[in-house]
1. Taking other Cβ within 10 Å of each residue's Cβ, how do B:294, B:231 sort, fewest first?
2. Using only atoms on other chains, find how many Cβ atoms lie within 10 Å of each Cβ of peptide B:124-130 and report the average.
3. Listing B:296, B:175 from the residue with the fewest other Cβ atoms within 10 Å to the one with the most, what is the order?
4. Among B:179, B:255, A:25, rank each residue by its count of other Cβ atoms within 10 Å, from fewest to most, as a rough exposure measure.
5. Over region B:170-312, how many percent of alpha carbon pairs lie in each 5 Å bin up to the one with the longest distance?
């Protein structure tokens, strides 16, 4: 009797956390920091 | 596999070249269909939290307070509104990764093809919040604020990812059999969602765990049917008897156990859940074995054909 392998298949599961490569996420974090972070800090020190 | 099987009619070498790719694709298809889903724990693990959004927007809170103390109303509005929008983006991101707004314990995969793209809404809120904070809070020009917002949205996309919009498939584009399978899967998924809602409402950890395992088994069977629609005929009994029974029993228990909270009722319910869980596991295994048997027969037929071709 043929036995098919019972392996996990994560590709069919919905993403429960970011799945992009670490390098891409690092660029995303950098852009977020240099836009939202910069604006936040400017707002704090503008007055 | 069996020695008493009649030999199939011989085929030519050209026909073998046609049959073999079909069989290989079927092996691949069955391998895909029988891959087990990741084991799910119940309750499900805590969803992803976008901590970076909270950290980066945190200075807007003291900035709003400072602007208000200085009597600078536009600054206060810009900082407060900007923080509110970024906070909304963080909440939407968390819910987007968790699976939805409604707080349903399980995701829909067959009964609704389109859902609100929460992470896309989060990106829009983040861009708008950054723009508002830049223009009203920091005093930048509108064009500069828009540029800040665009950079924030791009960063969000790279860091967390936007969701593709999945539009519903028009039913007219499906043939009759596909529509029947889709309708059966959607109905079965509704029943599983009722079971999952019952698990949450019962509040008993042990019964919750059992119902969760039943729902996971049921979802596994639906995945098998979706991957191999021909399994629908084999799983009819499961869909019409066991799944419907499990839904009615769990829903009925939720409605009655508060009024008649007796140990006997709980024990009876527990016994039924054990039986249902066992039946679900057996059904899943039966589908698996039936598919494997189909493949075995095809392999045996092809082997005999190849042997006959070699003898000539």
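1. B:294, B:231
2. Partner-chain Cβ atoms within 10 Å, mean over residues of B:124-130: 2.
3. B:175, B:296
4. Sorted ascending by nearby Cβ count, the order is B:255, B:179, A:25.
5. 2, 9, 17, 17, 14, 11, 9, 7, 5, 3, 2, 2, 1, 1, 0, 0
The numbers here are math on the coordinates, done by the rules we state, and not lab data. The structure presented is a predicted model; accordingly, all values stated were derived computationally and were not measured. Every residue, glycine as well, gets a Cβ built from its backbone with ideal geometry; the counts of neighbours run over all protein chains shown.
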